[in-house]
Amino acid sequence: MRKADFVGLWWVPLLLILAPLLGWMPAHRDLIDFFAPMRGLTAELLGAGVGPWINLANGCGEAWFANPETAVLYPPAWLHLLLPGPWALTAEIALHLALLSLGAGLVARELGASRDGRRVAEVAAWSAGPVLVTVGVLNNLETLTWLPWMVLAARLEDRRSVPFLAAATALGWLGGEPQVWAMGVCLVVVVARRRAEALIGISLGVAVIAVQLVPFLAWVAEVAA
C-alpha cells in the first residue's frame with residue numbers, strides 16, 4: 001500500500017481499546033451472555049491444552065470445534081489467551097471495526113472514489129447502524145470484516161492476488177458466519193478482474209479451512225437429518 005493509504009479515519013475505532021480503562025466494555029445484544037462466555041471457555045480449554053471438541057455443558061453435548069462461532073481456529077480470538085476477558089473482547093471488536101473501515105476505504109479507492117469519498121466510506125464502515133448491530137453478534141462482524149479484503153484481493157492484477165484472496169477467504173470463514181462468508185465468495189466471483197485466479201484463491205482458502213469446514217458440514221447434516 002502507498003503512504004496515502006494511511007490518511008483516513010480507520011484508526012478511530014481502535015480508541016475503543018481504551019474503554020476498559022474507564023471501566024467500560026461493549027455489552028450489546030449477545031456479547032455478554034453468549035460470546036464472552038464462549039470466548040472464555042475456548043481460551044480456557046486451549047490454555048489447558050485440552051482439545052475443544054464438544055461442549056458437554058449443553059444438553060447431551062454440543063459441537064464445539066465444528067461450530068465456527070466458537071472461533072477456535074480464528075487468530076484474533078486468541079487475544080483471550082493473553083488478556084483479561086473485558087480487554088480481550090473490547091480489543092477484538094475494535095480491531096475488526098478498524099480493519100473493516102480500512103478495507104472499505106481501500107475498496108472505495110479501487111472503485112475511483114476521491115479522498116473525501118474514501119473517508120466517508122471509512123466512517124460509514126464503523127458507524128453505520130447495520131454494522132453497529134453486528135458488534136453484538138460477533139461472528140457476523142468478524143466475517144463481514146474480511147469481505148472488503150476479499151474484494152480487494154480479487155481486484156489485484158499481480159501475483160499477490162491468489163495468496164491474498166486465499167488468506168482473506170480463510171479468515172472470513174474462521175470469523176464464524178457461514179452465510180455472510182458465502183455471500184462474500186459469490187461477490188468475489190462477480191467482481192474479480194481475473195475470475196480463474198479468483199477461483200484458485202478461493203479454492204486454496206477453502207483447503208485451509210477444510211479442517212473445520214468438513215466437520216461443520218457433517219454437523220449440519222446430522223442436525224438436519
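The values are calculated or read from the model by the stated rules, or taken from the named source; none is laboratory data. A quick note: this is a predicted structure, and the numbers were derived from the prediction, not measured. When we count neighbours, we look across all protein chains shown, and the Cβ atoms used for this are built from the backbone with ideal geometry, even at glycine. Note: accessible area is taken over every heavy atom of the protein model, side chains too, but ligands, DNA and RNA are not part of it. Shrake-Rupley method; radii C 1.70, N 1.55, O 1.52, S 1.80 Å.
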- Query: For the chain, what is the calculated [θ] at 222 nm in deg cm²/dmol (nearest 500), taking -39500 (n - 2.57) for each run of four or more DSSP H residues and dividing by its residue count?
  - Reply: -20000 deg cm²/dmol
- Message: Through the Karplus equation 6.51 cos²θ - 1.76 cosθ + 1.60, θ set to phi - 60°, convert the phi angles of the range 199-205 into ³J(HN,Hα) values in whole Hz; use x for Gly and Pro.
- Response: 5, 5, x, 4, 4, 5, x
- Which shape class, rounded, prolate or oblate, goes with the range 51-129 when its Cα gyration tensor gives a ≥ b ≥ c as root eigenvalues, a/c under 1.5 marks rounded, and past that a/b bigger than b/c marks prolate? prolate
- Message: For the pair TRP24/ARG193, report the inter-label distance in nm, with labels modelled 7 Å from Cα in the Cβ direction.
- Response: 4.1
- Taking Cα centroids, how far is the range 119-180 from the range 186-225 in Å? 15
- Run the dipole for the chain about the Cα centre, Lys and Arg Cβ at +1, Asp and Glu Cβ at -1, nothing else charged, and hand back the magnitude in debye, nearest 20. 920
- Message: Contact order normalised by length for the chain, with contacts defined as Cα pairs under 8 Å and 6 or more residues apart; what percent is it?
- Response: 21
- Query: Between ALA207 and LEU83, what is the FRET efficiency for a Förster distance of 25 Å, r being their Cβ-Cβ separation, to the nearest 0.05?
  - Reply: 0.20
- In whole percent, what relative contact order does the range 140-225 give with Cα contacts below 8 Å and a gap of six or more residues? 34
- Note on the structure: Quick calc, ALA225 & ASP158: beta-carbon distance into FRET formula, R0 41 Å, rounding 0.05, result 0.35
- Item | Rounded accessible area of ASP33 (nearest 10 Å², 1.4 Å probe) | 120
- Message: Which of rounded, prolate or oblate describes the chain when judged by the alpha-carbon gyration tensor and an a/c cut-off of 1.5?
- Response: oblate
- Order of exposure, largest accessible area first, which applies to HIS96, HIS80, HIS28 with probe 1.4 Å: HIS28, HIS80, HIS96
- Kindly sort LEU56, LEU45 by accessible area of their heavy atoms, largest first, with the probe set to 1.4 Å. LEU56, LEU45
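Please give the length that would be gained between ILE32 and LEU15 if that part of the chain were fully extended, namely 0.36 nm times their separation in residues minus their C-alpha to C-alpha distance (nm, one decimal).
Length gained, ILE32 through LEU15: 4.1 nm.
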- Message: So, R0 is 35 Å and r is the distance between the beta-carbons of LEU56 and CYS186; what FRET efficiency does that work out to, to 0.05?
- Response: 0.45
- Using the Cα centre as the reference, give the magnitude of the dipole from point charges on the C-beta atoms of the range 11-126 (Lys, Arg: +1; Asp, Glu: -1; all else neutral), rounded to the nearest 20 debye. 400
- Query: With a ≥ b ≥ c the root eigenvalues of the C-alpha gyration tensor of the range 164-222, is it rounded (a/c under 1.5), prolate (a/b larger than b/c) or oblate?
  - Reply: prolate
- Can you list the HN-Hα couplings for the range 155-160, worked out from phi with the Karplus curve (6.51, -1.76, 1.60; θ = phi - 60°), rounded to whole Hz and with x for Gly and Pro? 8, 5, 10, 9, 5, 6
